[in-house]
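The structure appears below as C-alpha cells.
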Amino acid sequence: MSEFKLTVSPSPHVHSGNSLTRMMRDFIIALLPATIYGVYFFGMDVLRCVLIAIVSAVVWEALSQWLSGRKLEIGNLNTVFSGLLLALLLPPSLPWWTILIGTLLMVLLGKEIYGGYGSNPFNCVLIAWVALQLSYPDYMAQWILPMADPATTSTPMEVFASQGSAFIGEYFSYTDLFLGRTAGFTGQVSALMLLIGGSYLLWRKTINWRIPISYLAGVFFFAGIFWLLGTGLYADPVFHLLAGGTMISAFFLATDLPSSPTTPQGMILFGLGAGILTVTIRTWGAWTFGAFYAVLIFNMFTPFLDKITPEVYGR
Amino acid sequence: MRLRSFSEGLLLPRSSRSEPQPFEHVPAPETLFLPLKQHQGAGCRPLLKKEETVQRGQALGQSSETTIQSPVTGQVVEVDKEFRNLYGTLTTSLTITASGEMEQTKQSPAESAIMDRILHCGVIDSGSAQPLLRKLSKSQECGVRTLIINGLDEFFIFGSRAALLVHYPEQTMEGIQILQHILQPEVTYLAVYEQSLPLLREHAAIPDSVSTIPLRAKHPQHKEPLLVSALTGQEYPLESSPLELGIASFSLETASTLARIIQQNQPNTEKPLTVLDPEPEDQRNLIVPLGTPIKHLLQYLGRNSESVAKVIVGGPLTGTALSSLDYPVTKEMDQIHFQKARDQIRFSSEVCIKCGYCVEVCPMRLMPFLLSGYSSTGLVDMAANYDIFTCIECGCCAYVCPVNIPLVQWIQVGKSRLSTHIRNEAV
C-alpha cells in the first residue's frame, strides 16, 4: 500500500467555480450605476441612506447569527446586497432610525426567522419595505426633487394616480423618466442606469432571462391592451415600463433567488403574472407601488408555480 | 445544418488541439493485478492456482458470459480472494509477474464462430461495462432496427474514441461491420462530435451503410438516453431499455476491440485510455495492458506520485475516486484523471438557495435540488414522485451549484434508500 493518502469523494470532481458570493458581487456591481447616479442627482442623502442600511443590515445579521449559534454568513455579501437594494427603495430623506428598523425587519423577519437566506419564502427586501410603508407612510412619501418647485415633488406614479394619465405628459417627458429626472426613490428614477445593471446581470448569466423579460413583457402588453382600448383614461405602456420602479422590480426584486420559481415554465408565468398584477394595482388600486406589491404577492405563488415541472425524460 | 443535440447540459471545454493525440503504447510492468470481475454481472471463476505459469492470452478466469485473459506470459504469484473492486464489491484477483517472454497461446482456427471468440476474449462493451456476449444476445432476441455506434468521449472532444476513429480508422470500420453482420440493423449511425467530422472525412473510409452524425460537444451527450434521443428523436423510460424501440448502442471502442480479436486474432488484453497528465494538465491517449497498476502509469508519464491528490476513474463529472495507486487498469475504465491538491473541490452543507441553475442544466429534465433535498431529509417517497430513478448522475447539477451542495451524492443516497425500501416491501 502507498504511504501517502489519496482523496476519495463522490462525483463530480470539478466545479464551475460559481458561488453565492460571486453572484451577490454581481448584483452589487449591477446596482452601482443606479446608486452613483442617485448620489449625483439627489445628493449625499442617498449615500447616507445606503451606508446606514448596509452597515446596520450586516450588524443585525451578524448579531442574529451569533445569538442563534449559527455559522457567520455575512461574508457571502448577500446582506450587503439586500441592504443596498433596500436603501434604493427608500426616500433619500428618511430618518436614520427608520432605516435601522427597516434593516432589522429585513434581516429578522425577511430571512433569519426562516433559517437564513435560501429558506425565505418572501423577498426579504420587500418585507422590510412593506413594513416601513405601512408603519411610516408619511416619511415614506417625502420626495425631493432638486432644482424644482416643491409643489411638483410627486413621483410620476403619484401624478398618474391622483390626476390621471392625461397630466403625465405635462409633468414628465419620457426622456426625464428614462434618464432619471423625476422625484422618487433612487431605484426608480433612472430606467437607463437600471437597464445597464440588468443587462450586466443577464450577460453574466447571474439571473435567468425568463423572469425579467416576461415581467417587462407582462407590464408592457397588459398596459398596452388598455391603452389601446381607452386612450386618455389609461397610461401608455412605455410610461408603465419607465416609471414606478418597474425596472428595479424586473431585474432586482422579482429575480430574488429563494422567492422566485426554479422551473422554466414557472419563471415565465411568475414574470407575466407579476407584470400584469403591477399594472392592475397601479391602474385600479389605491397604491402607486404596484411593482413591489405585485412581486411580493407573486412570491406566494412560487411554491405553486414550482409544481409546474419540466416533462421528465421518457415520461 | 442544425446540429442534433439536447437543450440542457454543459458545453465541453474547447480543445487546444485540432485532432486527437496518437496513441502511445505503455509497456507492461513486471507485476500486474487482474481482478476477475471487470464488468457488470457475476465475476469470473479463477482457472489458475498460485505459482502456475501462464501464457499471454491464456484465460485466467471465466464465467458463462466473459473471460479474463492474461496480458503477459509469466507466473501467478498470488490469488487474492478479497480484492475490493471499484464499486466496493469483493472479488478474486490474480497477481502475475511477467517473465519478459512474449509467447502467446495458440488461437485455434476452429474457434472461428464470432460469438465464441467474443466469449473467450471476454469483450466488454465499454461505457456500459456489460459483457458484450450478453448485450448481443439480448439485442438479437429483441431485433435491432437501429444500431448506434457511440464515438463520443466523456468530457474530452478528442479522447480515446476519437483517437481510435482517426488513428485506427480501418480497424474501427471493420469492427462496425462485424456488429452490423451480427445484428443486421436497417440503419447504422456513427455518432461523433462535430469537431471530429472533418478529420473523419480525411482519414476514414466510412462504408455507405453507416451514416455519420455530428453532434454538439456537450456533456452528457455520450450517455445512452441522450444519444438515442439526439439521433432518433425517441425517448424511453429508463427502467426499460432502448431495445424495446429496436435501438441498440455500442461503444466505438467495442467495435475496434472486435476487429482486433476477430480480424487480427489478438487477445483482448489492452485498454485504450484517455489520461489527464497531472503536471502540464494535458490530455494523452494511451494503450495500456490490463492489470497495469495506476502507479506504473504515473511512472510512465514521468510524474511524481506525491503530487497527485486524487485519481478519478471515468470522467471528471461522473468518475469514481480511487483509494490506492496500486489499483490496476481494468476493462471498465475509459479515462483516468489525476488531480492535484489545489484543484480539488469541496462540497458544503449550506442551504439550497433555489436559484434553479440545476433545473436548467439537468438533461433528464428533473428537479435536482428537490431530489437532493428530499433524499437528505429522508422523504424518499417524495423523491420517487419526482422520478429520482431517471437521474443518470451526470453531475451537471452539482457542477453548477453556487452553494456547492453534493447533489449527486444525495441523489445516490436517496436511490439506495428507496431500493432498500422497495426490497423490504417485497419481502
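Only residues that are in contact (Cβ under 8 Å) with a residue 60 or more places away in the chain and under 12 Å from A:ALA250 (Cα atoms): list them for region A:265-290, please.
A:GLY271, A:GLY275, A:THR278, listed by residue number.
Inside region A:169-285, counting only helices (runs of 4 or more DSSP H) that do not spill past its ends, which hold 1 or more residues that are surrounded by fewer than 22 Cβ atoms within 10 Å (Cβ to Cβ) and not assigned by TED's automatic domain parsing to the domain that holds A:ASP45? Write out each step before concluding.
On the way: elements: A:174-179, A:186-189, A:191-203, A:210-229, A:237-242, A:264-284.
Those helices (runs of 4 or more DSSP H) span A:174-179, A:191-203, A:210-229, A:237-242, A:264-284.
Scanning region B:361-374 for residues that are buried (at least 23 other Cβ atoms within 10 Å of the Cβ) and not in a loop (DSSP other than H, G, I, E, B), which turns out nearest to the other protein chains (Cβ to nearest Cβ)?
B:PHE369
Is it the case that A:ARG48 is of a type in the set (Lys, Arg) and within 14 Å of chain B (Cβ to nearest Cβ)?
Spelling it out, it is not the case that A:ARG48 is of a type in the set (Lys, Arg) and within 14 Å of chain B (Cβ to nearest Cβ).
For B:ARG84, state whether it is surrounded by 15 or more Cβ atoms within 10 Å (Cβ to Cβ) and in the same structural domain as B:SER251 (by TED's automatic domain parsing).
Answer is no for this residue.
The conditions are (1) among the hydrophobic types (A, V, I, L, M, F, W, C); (2) more than 24 Å from B:PRO363 (Cβ to Cβ); (3) over 12 Å from the mean Cα position of the chain (by Cα), and A:VAL295 fails exactly one of them. Which is it?
(3)
Mind counting the residues in region B:261-306 that are among the polar types (S, T, N, Q), without any contact (Cβ under 8 Å) to a residue 40 or more places away in the chain and touching a strand residue (DSSP E or B) at 6+ places or on another chain (Cβ under 8 Å)?
Final tally of qualifying residues: 0.
State yes or no: is B:LEU317 aliphatic (A, V, I, L, M) and more than 15 Å from the chain's Cα centre (by Cα)? Can you show your working first?
Working: aliphatic (A, V, I, L, M): yes; more than 15 Å from the chain's Cα centre (by Cα): no.
No.
Answer with yes or no whether B:PRO242 is within 13 Å of chain A (Cβ to nearest Cβ), surrounded by fewer than 18 Cβ atoms within 10 Å (Cβ to Cβ) and touching a Phe, Trp or Tyr at 6+ places or on another chain (Cβ under 9 Å). Quick ask: steps written out before the conclusion?
Values: within 13 Å of chain A (Cβ to nearest Cβ): yes; surrounded by fewer than 18 Cβ atoms within 10 Å (Cβ to Cβ): no; touching a Phe, Trp or Tyr at 6+ places or on another chain (Cβ under 9 Å): yes.
Against the criterion (within 13 Å of chain A (Cβ to nearest Cβ), surrounded by fewer than 18 Cβ atoms within 10 Å (Cβ to Cβ) and touching a Phe, Trp or Tyr at 6+ places or on another chain (Cβ under 9 Å)), B:PRO242 does not qualify.
Any residue that is in contact with a helix residue (DSSP H, G or I) (Cβ under 6 Å, 6 or more places away or on another chain), polar (S, T, N, Q) and either modelled with pLDDT under 95 or farther than 25 Å from A:HIS15 by Cβ (or both) - is there at least one of those in region B:314-328?
no
Does region A:289-298 include one or more residues that are part of a loop (DSSP other than H, G, I, E, B), under 29 Å from A:PRO33 (Cβ atoms) and at pLDDT below 95?
Restricting attention to region A:289-298, the residues satisfying the condition of being part of a loop (DSSP other than H, G, I, E, B) are A:289.
Filter once more, so that each one left must be under 29 Å from A:PRO33 (Cβ atoms): A:289.
From the residues that got through so far, the ones that are at pLDDT below 95 too are A:289.
Yes: region A:289-298 contains one or more residues that are part of a loop (DSSP other than H, G, I, E, B), under 29 Å from A:PRO33 (Cβ atoms) and at pLDDT below 95.
Would you check if B:THR330 is away from every other protein chain (no Cβ under 12 Å) and over 30 Å from B:LEU164 (Cα atoms)? Spell out the reasoning first.
Working: away from every other protein chain (no Cβ under 12 Å): yes; over 30 Å from B:LEU164 (Cα atoms): no.
In short, no.
Out of everything in region B:287-305 that is buried (at least 24 other Cβ atoms within 10 Å of the Cβ) and part of a loop (DSSP other than H, G, I, E, B), what residue ends up being farthest from the other protein chains (Cβ to nearest Cβ)?
Looking at residues that are buried (at least 24 other Cβ atoms within 10 Å of the Cβ) and part of a loop (DSSP other than H, G, I, E, B), I get B:LEU290.
For region A:261-279, which positions are touching a Phe, Trp or Tyr at 6+ places or on another chain (Cβ under 6 Å) and either aliphatic (A, V, I, L, M) or within 12 Å of chain B (Cβ to nearest Cβ) (or both)?
Within region A:261-279, the first condition is being touching a Phe, Trp or Tyr at 6+ places or on another chain (Cβ under 6 Å), and the residues that meet it are A:261, A:270-271, A:273-276, A:279.
Listed by number, the residues that qualify are A:PRO261, A:PHE270, A:ALA274, A:ILE276, A:VAL279.
Are any of the residues in region A:301-312 more than 20 Å from the chain's Cα centre (by Cα), over 15 Å from A:PRO261 (Cβ atoms), of a type in the set (A, V, I, L, M) and not assigned by TED's automatic domain parsing to the domain that holds A:SER249?
Scanning region A:301-312, I find at least one residue that is more than 20 Å from the chain's Cα centre (by Cα), over 15 Å from A:PRO261 (Cβ atoms), of a type in the set (A, V, I, L, M) and not assigned by TED's automatic domain parsing to the domain that holds A:SER249, so the answer is yes.
What tally of residues in region B:25-81 results from selecting those that are assigned to a loop (DSSP other than H, G, I, E, B) and either in contact with a Leu (Cβ under 7 Å, 6 or more places away or on another chain) or not acidic (Asp, Glu) (or both)? Walk me through it before giving the result.
Initially, region B:25-81 is screened for residues assigned to a loop (DSSP other than H, G, I, E, B), giving B:26-30, B:36-44, B:47-52, B:55, B:57-58, B:63-66, B:70-73.
From the residues that got through so far, the ones that are either in contact with a Leu (Cβ under 7 Å, 6 or more places away or on another chain) or not acidic (Asp, Glu) (or both) too are B:26-29, B:36-44, B:47-50, B:55, B:57-58, B:63-66, B:70-73.
Of the residues in region B:25-81, 28 are assigned to a loop (DSSP other than H, G, I, E, B) and either in contact with a Leu (Cβ under 7 Å, 6 or more places away or on another chain) or not acidic (Asp, Glu) (or both).
Give me the pairs: first residue in region B:363-374 and touching a residue at least 40 places away in the same chain (Cβ under 8 Å), second residue among the polar types (S, T, N, Q) and surrounded by fewer than 23 Cβ atoms within 10 Å (Cβ to Cβ), beta-carbon distance under 6 Å, and six or more apart or on different chains, which are they?
B:MET364/B:THR390
Restricting region B:306-319 to residues that are within 7 Å of chain A (Cβ to nearest Cβ) and outside any loop (DSSP other than H, G, I, E, B), which is farthest from B:GLY151 (Cα to Cα)? So that I can check it myself, show each step before the final result.
Here is the first cut: in region B:306-319, the ones within 7 Å of chain A (Cβ to nearest Cβ) are B:306, B:309-312, B:316-319.
Those still in the list that are outside any loop (DSSP other than H, G, I, E, B) too: B:306, B:310-312.
Values: B:GLU306: 34, B:LYS310: 27, B:VAL311: 24, B:ILE312: 21 Å.
Applying the filter and picking the extreme gives B:GLU306.
The values are calculated or read from the model by the stated rules, or taken from the named source; none is laboratory data. All values reported here derive from a predicted model rather than from experimental measurement. Quick reminder, even Gly has a Cβ in these numbers, built from the backbone with ideal geometry, and neighbours come from all protein chains shown.
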